[in-house]
Amino acid sequence: MPNTFSSISSSNILLVDDEPDIVLALRDLLEADGHQIEVASTGVTALEFVKNHSHGVVILDVKLPDMDGLLVLEMMMKIVPGLPIIILSSYTTLDSVTGPLEEQGAFAYLHKPINRSEIRTTVRQALKAHVLAKKMERAHQALMESEIRFQAVFQTATDAIVLADHNGRIMSWNKSAESMFGYTAEEMFGKPLTLIMPERYRKAHTEGMKRLQTTGEARVIGKILPLHGLRKNGQEFPIELSLNSWTTGKYPSYSGFIRDTSLRESKKDQVLQAQTH
């Protein structure tokens, strides 16, 4: 894992300016802080640097010899979304750049002549923001990958898997559940679990949910229960149900793993019939 402190305290910075005195002053200042400095004196060169190199921050003059600096800003943001870009300008007011800056996402605006303390502080803030954005991007990517893995297991499981909220309403329903009960996931989202239970089980289920919510007493969580399910066509069939619960917020959620035991029961009946003859 990269060291956050070292990433902030030492980084590759692209300086885009065609004024030799400004470039020399900024280069001396930032290299003294341990940063590596790349210099581009034109917009075209700057864009090539951004395409081919990784930078922690860009310091960009809005007045370049070949291109409008604000156009360079816009193009850089398209090449590397989220790249912190600090705008330098000799304009006496922000009127001519504030609108485009807000729209194009520059990190900060600094006025020439250079204030050494302000430059150093702004660069540190930009680098911290960049590191944080990268961390969030990695976390988001890890979350997406985890969700993909979960869905792969969830949807390919041979048992029906049903996820329900604390009120007993269905949140998710895998493909095996669709095949087993005859309802699609879209049909079942938000529906009560009682829809897939024979009538004789519903009162006990409702009372159990109330008891769990008021006292926290769970009599069936973690157990395998022989029961019956109810298909969309009204047909009952024997099942084994395993219930579990988890809590990620204020209320618990529940998962049910359901196995159709019709074939097993049919084989038992065949064995019994054979033994009685």
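What follows draws every value from the coordinates through simple rules; no lab data is involved. What you see is a predicted model; the values in this text were computed from it and never measured. Here Cβ is always computed from backbone atoms with ideal geometry, including for glycine, and neighbour counts include all displayed protein chains.
Of the peptides 122-134, 26-38, 209-221, the order by per-residue mean of other Cβ atoms within 10 Å, starting with the highest, comes out as 122-134, 26-38, 209-221. For Met180, neighbours were defined as the other residues whose beta-carbon sits under 13 Å from its Cβ, and their charges (Lys and Arg +1, Asp and Glu -1) total -1.
Here Ser90, Ser176 are placed in order of increasing Cβ neighbour count within 10 Å, fewest first, which gives Ser90, Ser176. At an R0 of 25 angstrom, the distance between the Cβ atoms of Met67 and Ala25 translates into a FRET efficiency of 0.65. Extension gain for Val220-Gln151 works out to 22.2 nm (0.36 nm per residue, less the C-alpha to C-alpha distance).
Report, to the nearest 10°, how far helix 20-32 tilts away from the longest principal axis of the Cα atoms in the chain, using its own Cα long axis and a range of 0 to 90°. Tilt of helix 20-32: around 50 degrees.
Counted over all Cα-Cα pairs of region 4-143, pairs farther apart than 25 Å make up 21 percent. Counting every other Cβ atom within 10 Å of each residue's Cβ, Phe257, Phe107 order from fewest to most as Phe257, Phe107. By the beta-carbon count within 10 Å of each Cβ, the least crowded to most crowded order of Ile224, Ile87, fewest first, is Ile224, Ile87. Calculation over all alpha carbon pairs of region 157-276 in 10 angstrom steps from 0 returns a P(r) of 13, 44, 30, 10, 3, 0 percent. Centroid-to-centroid, using Cα positions, region 101-171 and region 207-221 are 37 Å apart. What whole number of Å gives the distance from the Cα centroid of region 230-250 to the Cα centroid of region 56-91? Here the answer is 57 Å between Cα centres.
If R0 is taken as 35 Å, the Cβ-Cβ distance between Leu132 and Ser245 corresponds to a FRET efficiency of 0.50.
Expressed to the nearest 5 percent, the antiparallel share of DSSP beta bridges inside the chain is 60 percent. Axis of helix 262-276 versus longest Cα principal axis of the chain: the two differ by about 20°, to the nearest ten degrees. Counting Lys and Arg as +1 and Asp and Glu as -1 over every other residue whose Cβ lies under 12 Å from the Cβ of His130, the net charge comes to +3. Computed from Cα positions, the angle between helix 69-79 and the longest principal axis of the chain comes to roughly 30 degrees. A simple count of charges around Gly82, restricted to other residues whose Cβ falls under 9 Å of its Cβ and scoring Lys, Arg +1 and Asp, Glu -1, yields 0.
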